[in-house]
Amino acid sequence: MTVSSNKEAFLNTIASKLGRERKTHVQRPVIQDLIPDSYGQLTNDDLVEILKEQCFFIHTQVIESNPEILQRTLDDLIEANGGGIVMTSGDSRFEGYGLAFPEAFVWEEAAGREANIKRAESANTAIIFADCALAESGTVVVESRPDQGRSLHFLPAHYIAVIERQRLVLRSTQAAAAFNRRIQAGEPVGSSINFISGPSNSADIEMKLVVGVHGPLRATYVLI
Amino acid sequence: MSLQTDKRDFSERTLDGLGDSFMRNAVGSAQDSLKTRRLSAATTLGDWEQWRNVGQLIRQHTLQNLDYYLEQLADNVEKQGGHVYFAATKEEASSYIRDVVVRKQATKVVKSKSMVTEEIELNRVLIEAGCELIETDLGEYILQMDDWDPPSHIVAPALHKDRRQIQRVFSEKLGYTGDETPENLAGFARTVLRQKFLEAEVGITGCNFAIANLGAINLVTNEGNGDLTAAIPKTHIAVMGMERIVPTLEEMEVLDNLLCRSAVGQKLTSYITVMGPSAAGETDGPEEFHLVVVDNGRSDILGSEFNEALQCIRCGACLNVCPIYRHIGGHAYGSIYPGPIGAVITPLLGGYDDYKELPFASSLCGACTDVCPVKIPLHEQLIMHRQNIVQQRRTGAGDRLQMKAASRLLSSPALFGRSLRFAHSASRLMSKRGRIVRGPALIHGWIHARDLKQPVKQQDSFRAWMEKRKGGAEQ
């Protein structure tokens with residue numbers, strides 16, 4: 001049996017169990033109007049406060065900085081993490097804000113798979129720019145791209161995400177709707193969309209929370 | 001491991017659970033903590049009941065149009081260069097995955113936690129094919145190192161083990177020399193597993209939800225092992241139960257919020273990832289992506305009286321409120337799916353021959369139904385199972401006789417009243433200090449785990465008291 005005939009038989013079985021022919025068109029229910037809004041109108045400052053409060057609960061440090069002192073803020077954080085190699089994404093905003101690090105790798109397509117993964121594994125700190133951030137859950141959202149691999153967010157021991165204030169939204173509802181608009185418009189999105197809320201953790205041993213199991217041991221958000 | 005984790009009689013398994021005081025304390029304390037956290041996380045969403053309504057609407061809509069969304073999903077995965085395989089049975093699913101692994105000449109495979117891969121006995125199949133297979137979720141890794149001890153909770157599989165047991169396992173199997181603190185045990189596992197991720201040729205994950213219009217899967221984790229499993233090996237195989245699908249990211253977002261809050265009381269878990277085959281120019285992630293869609297009995301549930309069981313999003317909230325699970329623990333269910341949802345879906349997937357006792361492992365208090373974030377009427381489904389089991393005469397002859405006698409007795413007030421008169425004296429030989437301590441059949445089953453007071457003397461009974469009161473009122 002070929003894979004495609006397997007698919008037809010599989011889907012025909014489902015339709016038959018549902019007591020009808022195969023569906024060729026379906027209208028999605030409109031759920032956006034049904035989702036309760038428990039926050040009301042919020043300003044950007046309100047979102048910052050919600051983010052800071054939530055980050056306390058997810059073991060994530062929030063540092064307020066600004067473009068003028070961003071380099072110094074990041075240098076201080078790298079030092080606080082014990083120095084070592086830094087790996088950044090190839091995001092053009094690093095250049096835009098005039099950021100440079102002495103012992104640094106950049107995730108780049110030209111380096112290829114093995115080298116990028118090896119560099120990320122050897123880095124002590126990863127630094128990325130958030131594509132957007134969700135205040136309610138303390139989440140940064142990042143897409144994979146040729147200049148920003150998937151494992152960059154997981155292999156280095158420390159994770160620093162720079163969040164531009166104007167990219168803060170309330171919650172995942174807004175982020176998901178924005179992605180879906182792009183998908184429906186046929187715009188490309190990264191093959192991996194990561195919603196990252198603080199460092200990795202586990203409560204698998206006696207339900208005791210341990211921070212840093214597979215991914216980063218520590219996460220810091222720098223707000224500018 | 002398959003759906004069935006223990007072939008012994010249900011009564012033997014429950015006795016084991018009742019006798020394991022560490023497990024009972026651990027389960028009780030986990031239930032209390034998770035219940036509190038779930039309530040707090042649900043409250044922050046505002047109108048939780050409305051969120052549940054939306055969750056139910058999404059799940060029911062998707063199930064009603066499952067063929068359409070699965071076809072859309074497959075088309076979109078294939079457009080991106082991925083492969084989709086539809087497996088009607090567990091054998092088809094695991095042999096397809098084995099063939100991919102063999103074709104890639106892979107000997108090292110990393111896996112992240114996935115219930116459906118347990119269902120299709122994938123670990124056994126790949127190990128028999130000569131692979132070194134490593135479970136990377138910390139809880140699952142502990143169980144694997146302990147000779148594949150079965151999981152006891154959907155979300156926290158090693159809940160039944162204490163830190164000393166884990167230290168012993170790591171020490172005997174992996175040469176661990178550290179102490180028993182969770183931090184050091186987890187740190188040791190991190191070091192060992194980091195190397196496994198880097199060496200693996202194939203990564204296998206489950207799928208919380210597939211997103212039809214994107215052709216991608218969604219993983220919800222806290223440790224990040226699922227992401228590393230999908231990011232580093234050159235081949236990624238994702239396995240999904242056929243019902244675990246949503247139309248778009250918007251529906252996924254609602255369900256992920258319900259899932260995270262119901263499972264562990266977090267607004268979102270540390271890592272929520274939407275992933276598919278790597279795009280052009282991306283240098284990590286899978287060069288080859290396979291999605292295996294598994295039926296394995298699910299289509300028989302579709303459109304049946306148990307259709308709503310397919311709404312399950314595997315949050316485990318029903319376990320965390322269940323008084324039966326609290327006392328007997330996860331292993332007593334003998335299934336990879338324990339607790340109320342396990343008692344509903346295990347007999348559906350595995351049949352009444354092996355699992356006819358599970359629907360009776362419920363107090364029918366309805367707590368599971370009240371917490372279910374997608375509003376599965378769990379206790380009503382348990383009653384439907386019981387009706388089926390009785391109608392199919394799958395209960396023992398002794399049970400049927402006792403139920404017939406009880407039915408006769410309880411449906412006749414006069415007969416019931418007369419038998420109460422003799423209850424105290426009739427139970428004297430079976431009682432000690434006001435409690436029945438031995439007895440046949442139903443009584444024997446009841447007093448295994450619960451107290452049964454000796455019936456009071458006729459003159460002290462409620463009926464006698466009521467008669468006196470009635471007399472007083474009339475005067």
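The values are calculated or read from the model by the stated rules, or taken from the named source; none is laboratory data. This one's a predicted model, so the numbers in the text were calculated from it and none came from an experiment. With ideal geometry, Cβ positions are generated from the backbone for all residues, glycine too; neighbour counts draw on all protein chains shown. Only protein heavy atoms, including side chains, enter the accessible area calculation; ligands, DNA and RNA are left aside. Shrake-Rupley method; radii C 1.70, N 1.55, O 1.52, S 1.80 Å.
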Counting every C-alpha pair in the stretch B:20-95, the percent lying more than 21 Å apart is 63 percent
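What's the long-distance tail for the stretch B:397-472, i.e. % of Cα pairs beyond 21 Å? Kindly include the intermediate steps, with their values, before the conclusion.
Values: 1073 of 2850 pairs.
The calculated P(r) of the stretch B:397-472 puts 38 percent of pairs beyond 21 Å.
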Given charges of +1 on the Cβ of Lys and Arg and -1 on the Cβ of Asp and Glu, with all other atoms neutral, how large is the dipole of the protein assembly as shown about its Cα centre, in debye to the nearest 20?
-> 4160 debye
From other protein chains only, count the Cβ atoms within 10 Å of every residue's Cβ in A:112-122, then give the mean.
-> 3
Here the cysteines of chain B lacking a cysteine partner under 4.7 Å (Cβ to Cβ) are B:131, B:207, B:260, B:312, B:315, B:322, B:365, B:372
For the stretch A:75-224, what relative contact order do you get, as a whole percent, if you take Cα pairs closer than 8 Å and at least 6 residues apart?
-> 23 percent
Rounded to the nearest Å, the spacing of the alpha-carbon centers of the stretch B:8-70 and the stretch A:89-163 is 36 Å
Provide the packing ranking of A:204-213, B:337-346, i.e. peptides ordered by the mean count of other C-beta atoms within 10 Å per residue, highest first.
-> B:337-346, A:204-213
Rg to Rh ratio, the stretch B:194-251, alpha-carbon atoms and Kirkwood radius?
-> 1.02
Which of B:292, B:346, A:106 sits farthest toward the positive end of the charge dipole of the protein assembly as shown, with +1 on the Cβ of Lys and Arg and -1 on the Cβ of Asp and Glu?
-> B:346
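Out of all DSSP beta bridges in the protein assembly as shown, what portion is antiparallel? Express it as a percent rounded to 5.
Numbers: 27 of 76 bridges.
The answer is about 35 percent antiparallel.
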Can you work out D for chain A in µm² s⁻¹ from Stokes-Einstein, where Rh is the Kirkwood radius over C-alpha pairs, the temperature is 25 °C and the viscosity is 0.890 mPa s?
-> 124 µm²/s
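Any chance you could list the semi-axes, whole Å, largest first, of the equivalent ellipsoid that the Cα gyration tensor gives for the stretch B:332-463, using √(5λ)? Walk me through the numbers on the way to the answer.
Numbers: eigenvalues 220, 55, 49 Å².
With the √(5λ) rule applied to the stretch B:332-463, the semi-axes are 33, 17, 16 Å.
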For peptide B:287-294, how many partner chain Cβ atoms fall within 10 Å of a residue's Cβ, on average?
-> 1
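Quick one: ranking B:162, A:46, B:284, B:47 by accessible area, 1.4 Å probe, largest first, what do you get?
Numbers: B:162 25, A:46 60, B:284 5, B:47 80 Å².
Largest accessible area first, the list is B:47, A:46, B:162, B:284.
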Per residue of the stretch B:127-137, in order, report the coupling 6.51 cos²θ - 1.76 cosθ + 1.60 (Karplus, θ = phi - 60°) as ³J(HN,Hα) in whole Hz, putting x for Gly and Pro.
-> 5, 5, 7, x, 8, 8, 10, 10, 6, 9, 5
Descending semi-axes in whole angstrom, ellipsoid equivalent of chain B, from the Cα gyration tensor | 46, 25, 21
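Quickly estimate the mean residue ellipticity at 222 nm for chain B, helices only: each DSSP H run with n ≥ 4 gives -39500 (n - 2.57), and the total goes over all residues, rounded to 500. Before the final figure, lay out each step's value.
Details: 23 runs with 250 residues, N = 475.
Value at 222 nm, helices only: -16000 deg cm²/dmol.
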Over 31 Å (Cα to Cα) among B:35/B:161; B:108/B:161; A:118/B:161 -> A:118/B:161
Report the equivalent ellipsoid semi-axes for the stretch B:91-134 in whole Å, largest first, defined as the square roots of five times the eigenvalues of the gyration tensor built from alpha carbon atoms.
-> 15, 12, 8
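About its Cα centre, how strong a charge dipole does the stretch A:40-223 have in debye, to the nearest 20, once Lys and Arg get +1 and Asp and Glu get -1 at the Cβ? Write down the numbers at each step before the final one.
Details: 15 positive and 24 negative charges, 84 e Å.
Computed about the Cα centre, the dipole is about 400 debye.
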For the stretch A:60-148, what size does the Cα cloud have along each of its three principal axes, sorted from largest down, in whole Å?
-> 35, 27, 25
How far is helix A:70-80 tilted, in degrees, relative to the longest principal axis of the Cα atoms in chain A, given as a value from 0 to 90 rounded to the nearest 10?
-> 80 degrees
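Highest mean first, what order results for A:25-33, B:8-16, B:118-126 on Cβ atoms within 10 Å?
B:118-126, B:8-16, A:25-33
Please average, across the residues of A:25-38, the number of beta carbons from any other chain that are within 10 Å of each residue's own beta carbon, and give a whole number.
Numbers: counts 2, 10, 2, 12, 7, 1, 11, 3, 0, 7, 10, 9, 2, 8.
Mean partner-chain Cβ count within 10 Å for A:25-38: 6.
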Once phi for every residue in the stretch B:388-403 is put through the Karplus expression 6.51 cos²θ - 1.76 cosθ + 1.60 (θ = phi - 60°), the whole-Hz ³J(HN,Hα) values, with Gly and Pro written as x, are 4, 5, 5, 4, 7, 6, 8, 7, x, 4, x, 4, 5, 5, 4, 5
Taking the stretch B:149-296 on its own, what percent of its Cα-Cα pair distances exceed 26 Å?
-> 35 percent
With a sphere of radius 14 Å drawn around the Cβ of residue B:193, what net charge do the other residues whose Cβ falls strictly inside it have (Lys, Arg +1; Asp, Glu -1)?
-> -2
Give or take rounding to whole Å, what are the principal axis extents of the alpha carbon atoms in the stretch B:221-286, in descending order?
-> 35, 26, 21
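Pop out the Kirkwood hydrodynamic radius of the protein assembly as shown from its pairwise C-alpha distances, inverse of mean 1/r, in Å to one decimal.
Details: mean 1/r = 0.0369 Å⁻¹.
Every distinct Cα pair counted, the radius reaches 27.1 Å.
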